[in-house]
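Contents: one structure, followed by commentary.
The values are calculated or read from the model by the stated rules, or taken from the named source; none is laboratory data. All values derive from a computational prediction rather than experimental measurement. We place every Cβ from the backbone using ideal geometry, glycine too, and count neighbours over all the protein chains shown. These accessible areas exclude ligands, DNA and RNA; they are computed on the full protein's heavy atoms, side chains included. Shrake-Rupley method; radii C 1.70, N 1.55, O 1.52, S 1.80 Å.
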Amino acid sequence: MQELKNFHENISELQIEQFEIFKANLLDWNSRMNLTTITDDLGILHKHFLDSLTLLDCLPSDLPNDFSMVDIGCGAGFPGLPIKIMQPKIKLTLVDSLRKRIFFLEDTIAKLQLANISCFHERAEILAKNPEHRQKYDICTARAVAPLQKLTEWCLPFIKQNGTFLAMKGPNVYQEIQEAKSTIASLNAEITQIKKIEVVPNLNHTIIIIKNKLT
């Protein structure tokens, strides 16, 4: 986990230990159910942990330390749980449509001894209609869940006015962006930045930053 220190110089020994626990629990559960096809140490570090943590540089600078974030279609907890480890004061909600993944997440959260996390076994488009979740979050994120047009329909209803949706996509997303523009505009939002990220050499992705406009 030395690369975590290189990536984030202020990471503590406790946080490094939490990433080790996360990795061990991921591999343990993955031996019994399909959580990830990435099972080597370097792959987990680069393609799950460091990949998720690139979101830290995309967060608005005026966010409070205890901002609220919802991770849609979080799977095995990416990117939400790595962000929570690095920003322990945030209020995190993890949403996934597969109950077995929720069981894994709840077990992992307990082992990591993290607080202020909620897990929901629900489809995003249904949960977004719930008044307790609609327009309640500072940040919404999703990583490689669906095409951007569909993601914006699912995710934008979760964020507050002037909140931010961070869509994590592969390196080649411009066709998706063109197809999603009218949907984004119809939901009173706008793309404010398209950020190309090199996680490590030969591992790249794009983060599309979408702001919910003030009305």
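Of everything in the stretch 94-104, what is in contact (Cβ under 8 Å) with a residue 40 or more places away in the chain and in contact with a helix residue (DSSP H, G or I) (Cβ under 8 Å, 6 or more places away or on another chain)? Give them in sequence order.
Hit for the stretch 94-104 is 104, nothing else.
So residue 52 fits all but one of (1) of a type in the set (Gly, Ala, Ser); (2) surrounded by 21 or more Cβ atoms within 10 Å (Cβ to Cβ); (3) out of contact with any Gly (no Cβ under 9 Å at 6 or more places or on another chain); what number is the exception?
With respect to (1) of a type in the set (Gly, Ala, Ser); (2) surrounded by 21 or more Cβ atoms within 10 Å (Cβ to Cβ); (3) out of contact with any Gly (no Cβ under 9 Å at 6 or more places or on another chain), residue 52 is out only on (3).
Scan (1) surrounded by 13 or more Cβ atoms within 10 Å (Cβ to Cβ); (2) out of contact with any strand residue (DSSP E or B) (no Cβ under 9 Å at 6 or more places or on another chain) for the single condition residue 72 breaks and write down its number.
The single condition residue 72 does not satisfy is (2).
How about the stretch 25-49: which of its residues are surrounded by 13 or more Cβ atoms within 10 Å (Cβ to Cβ) and touching a residue at least 60 places away in the same chain (Cβ under 8 Å)?
25, 26, 29, 35, 46, 47, listed by residue number.
Residue check: is residue 62 open to solvent by 50 Å² or more (accessible area, probe 1.4 Å) and not in a loop (DSSP other than H, G, I, E, B)?
On the way: open to solvent by 50 Å² or more (accessible area, probe 1.4 Å): yes; not in a loop (DSSP other than H, G, I, E, B): no.
So residue 62 fails the test.
Considering each residue of the stretch 115-133, count those that are touching a helix residue (DSSP H, G or I) at 6+ places or on another chain (Cβ under 6 Å) and not in a strand (DSSP E or B), and give that number.
Residues flagged as touching a helix residue (DSSP H, G or I) at 6+ places or on another chain (Cβ under 6 Å) and not in a strand (DSSP E or B) within the stretch 115-133 amount to 4.
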